[in-house]
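One structure is given below, encoded as structure tokens.
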Amino acid sequence: MTVSKLPYLEAAEDLRGNKDQWRAYKSTGNCVILAGPGSGKTKTITVKIAQLLAEDVPRPRRLACITYSNSCVGELRSRLSKLRVGDSDRLLISTVHSFCLTELVLPYATLAGIDVPDPLIVASTAQARKLFADAYREIIGGNPSSSFRMACDKLRRTIPDKDSGEWRAWPARETKVVEAYEALLLQDGLIDFDGLILSGLQLVEKYEWVRRAIRAKYPVIVIDEYQDLGLSLHRIVLALLRAEVRVIAVGDPDQSIYGFTGAKPSLLRALAGLRDVDSIKLKLNYRCADRIIAASMMLLPEPGDFRSHDGRAGEIRIHRLECSIRQQADYALRTLVPELLKTNPSWTPGDIALLYRTLNEGTPIAQAADALHVRYFRLDNGSPIKRTRLTEWLTDAARWCSGGWQTGAIPLSQLLKAWRRMYRSITRESELLAARKRLIATLFSLRDGALPLHQWLSELRRSALDELLHQEPGLADEEDILDELFRSATTGGPLQAFTVEIFGNQGKSPDQINLMTLHSSKGLEFQAVIMVGMENGAFPSGYDKTDEQLEEAARLFYVGVTRAKTQIHLIYDSDESPLITSIREVA
């Protein structure tokens with residue numbers, strides 16, 4: 001009789017051929033995995049998580065996996081489910097904000113006497129915006145600019161200690177507004193998402209009993225996309241390391257592109273350099289061809305020694321067009337995309353991404369697509385469909401309602417589990433069963449892909465979502481996003497013609513070309529990438545003046561180019577940049 005191996009053991013066999021992946025899998029202590037684009041890092045860490053749960057973390061203890069965004073959470077959850085590992089009493093998969101809320105602030109803040117609201121209510125985006133404006137008017141007068149708000153947000157994330165010399169040395173114009181804003185939050189019984197992390201840091205650094213409690217519950221913590229998570233999390237990790245929590249961190253300093261939020265690539269390098277931390281670099285690239293890898297690193301000060309796993313050459317094409325972004329997009333959509341699909345019959349429009357730097361480029365590109373009647377999925381701040389926990393759940397629910405319930409593409413059990421993960425406040429079994437029953441009844445009544453999106457959302461809100469948003473502090477930012485989506489689906493809105501089926505296929509249909517900012521493309525991959533606006537002054541742009549900004553611009557280019565498996569197309573106007581000149585050498 002043949003005894004089949006556990007899924008993670010079978011998956012681990014695929015790692016043997018890559019000595020760096022195998023070393024990460026076999027590691028037994030604190031470990032930093034430096035993983036470049038396409039290096040198989042998600043597979044490596046998910047197999048490692050499955051191994052840890054099976055071999056190293058006995059019940060009733062758990063393992064926590066923390067990452068940057070809800071989309072990263074979704075990807076990890078999807079990969080782990082294929083290894084028959086899911087969120088359960090053994091494993092927590094969450095963003096850093098959610099971890100600080102549920103595992104630090106809610107259980108320990110009151111016990112420790114930390115100055116947070118009781119009951120804990122997380123401010124919505126609209127509430128936080130209003131209170132910040134009030135603080136600005138109180139200290140300075142007038143209305144704050146978006147750049148000033150961003151600078152204050154970054155200040156809170158990079159100098160968390162308000163009694164430090166560094167804080168006192170900072171310009172009072174910003175520090176006083178931040179202090180007034182935080183006072184207004186507390187006065188209104190609110191905390192914002194940055195406040196959750198700052199409170200979590202205070203708890204972990206100041207109180208040994210909190211560190212012991214975390215170690216008892218989570219002897220191992222895995223952190224993905226470490227380069228994006230900032231100083232406060234880094235200090236939380238250092239405190240937990242001192243408390244002998246085992247830490248496995250994964251990331252790539254060269255893909256650190258969120259400097260405006262306080263992320264610093266140096267933090268991951270510093271963690272990797274600690275004496276009791278094993279540092280492993282994954283050097284094989286399973287996504288990109290060699291020319292694409294070489295081009296991606298043209299701006300990096302210390303290019304890595306990455307190479308394709310199969311020796312493919314790949315193709316880089318440079319297009320000079322003396323025209324605007326709108327006309328560049330028109331050329332890409334009218335000429336390049338049909339050519340790519342014709343010469344690569346196995347490709348679909350979903351295999352192609354058109355990348356740009358900001359919303360300012362995204363709007364004329366979308367207008368060009370509309371004029372050509374090109375179907376597209378748009379991912380930037382101009383899109384009314386934002387990528388959040390709730391909207392990801394809604395798109396899955398829409399796919400289920402528009403036929404997934406028949407095909408099994410989206411199991412109902414998957415929808416219910418994801419809903420339960422959002423609905424943490426229900427503790428009584430009777431209340432949970434009643435809410436679950438209402439949700440199931442509503443979903444079954446809405447099984448029609450031709451329903452107008454507005455009608456479908458209205459029914460879901462009334463029966464399930466409004467109650468969920470009202471009761472869950474961790475979903476405070478979702479209410480504004482849902483309101484915007486609802487307005488967009490009404491008469492006159494950009495989604496007024498959307499049906500449930502169209503909405504459910506957003507970002508998942510092979511018939512839609514992808515239009516997205518370079519930041520939004522992180523973590524994704526395509527057969528071909530078209531980058532517009534690559535003229536002189538784009539990389540770096542005229543706004544990139546400091547060394548820090550110039551280095552991040554280089555990393556942003558690196559991220560964009562490494563989304564491509566096979567082909568890169570760079571479009572620029574008549575003013576050729578030094579970057580384009582350099583890339584011609586490897587094209």
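The values are calculated or read from the model by the stated rules, or taken from the named source; none is laboratory data. Please read all numbers here as calculations on a predicted model, not as lab measurements. Please note: Cβ atoms are built from the backbone with ideal geometry, for glycine as well, and neighbour counts cover all protein chains shown. Accessible surface areas use protein heavy atoms only, side chains included; no ligands, DNA or RNA. Shrake-Rupley method; radii C 1.70, N 1.55, O 1.52, S 1.80 Å.
For segment 365-422, the set of residues classified as open to solvent by less than 50 Å² (accessible area, probe 1.4 Å), closer than 18 Å to residue 485 by Cα and part of a loop (DSSP other than H, G, I, E, B) consists of 380, 382, 383, 384, 385, 386, 388, listed by residue number.
Right, residue 272: within 26 Å of the chain's Cα centre (by Cα) and among the hydrophobic types (A, V, I, L, M, F, W, C) or not? Here the answer is yes, as residue 272 does meet what is asked. From the residues in segment 211-257 that are at positive phi and assigned to a loop (DSSP other than H, G, I, E, B), which one is most open to solvent (accessible area, probe 1.4 Å)? That would be 244. Taken over segment 302-339, the criterion of being buried (at least 20 other Cβ atoms within 10 Å of the Cβ), within 14 Å of residue 513 (Cβ to Cβ) and not hydrophobic (A, V, I, L, M, F, W, C) is satisfied by 330 alone. Restricted to segment 558-587, and to residues there that are farther than 24 Å from residue 335 by Cα and at pLDDT 90 or above, the residue that is surrounded by the most Cβ atoms within 10 Å (Cβ to Cβ) is 558. Evaluation of residue 477 against the conditions (1) over 29 Å from residue 128 (Cα atoms); (2) surrounded by 20 or more Cβ atoms within 10 Å (Cβ to Cβ); (3) in contact with a Phe, Trp or Tyr (Cβ under 9 Å, 6 or more places away or on another chain) shows that the sole unmet condition is (1). Restricting 66, 93 to residues that are without any contact (Cβ under 8 Å) to a residue 60 or more places away in the chain, assigned to a strand (DSSP E or B) and crowded, with 21+ Cβ neighbours inside 10 Å narrows the list to 93. For the criterion of being touching a Phe, Trp or Tyr at 6+ places or on another chain (Cβ under 8 Å), within 30 Å of residue 415 (Cβ to Cβ), in contact (Cβ under 8 Å) with a residue 60 or more places away in the chain and surrounded by 23 or more Cβ atoms within 10 Å (Cβ to Cβ), residue 513 passes. List every residue pair whose Cβ atoms sit under 9 Å apart, with the two residues 6 or more apart in sequence or on different chains, where the first one lies in segment 351-367 and is free of Cβ contacts under 8 Å to residues at least 40 places away in the same chain and the second, anywhere, is open to solvent by less than 40 Å² (accessible area, probe 1.4 Å) and not hydrophobic (A, V, I, L, M, F, W, C). Hits for this filter: 363/380; 363/382.
Just to be sure I understand, how many residues within segment 31-48 are open to solvent by less than 30 Å² (accessible area, probe 1.4 Å) and either touching a strand residue (DSSP E or B) at 6+ places or on another chain (Cβ under 8 Å) or free of Cβ contacts under 8 Å to residues at least 24 places away in the same chain (or both)?
Just the residues of segment 31-48 that are open to solvent by less than 30 Å² (accessible area, probe 1.4 Å), to begin with: 31-33, 35-40, 42, 44-48.
Still in the list and also either touching a strand residue (DSSP E or B) at 6+ places or on another chain (Cβ under 8 Å) or free of Cβ contacts under 8 Å to residues at least 24 places away in the same chain (or both): 31-33, 35-40, 44-45, 48.
Final tally of qualifying residues: 12.
Listed conditions (1) part of a loop (DSSP other than H, G, I, E, B); (2) in contact with a helix residue (DSSP H, G or I) (Cβ under 8 Å, 6 or more places away or on another chain) are all met by residue 163, apart from (2).
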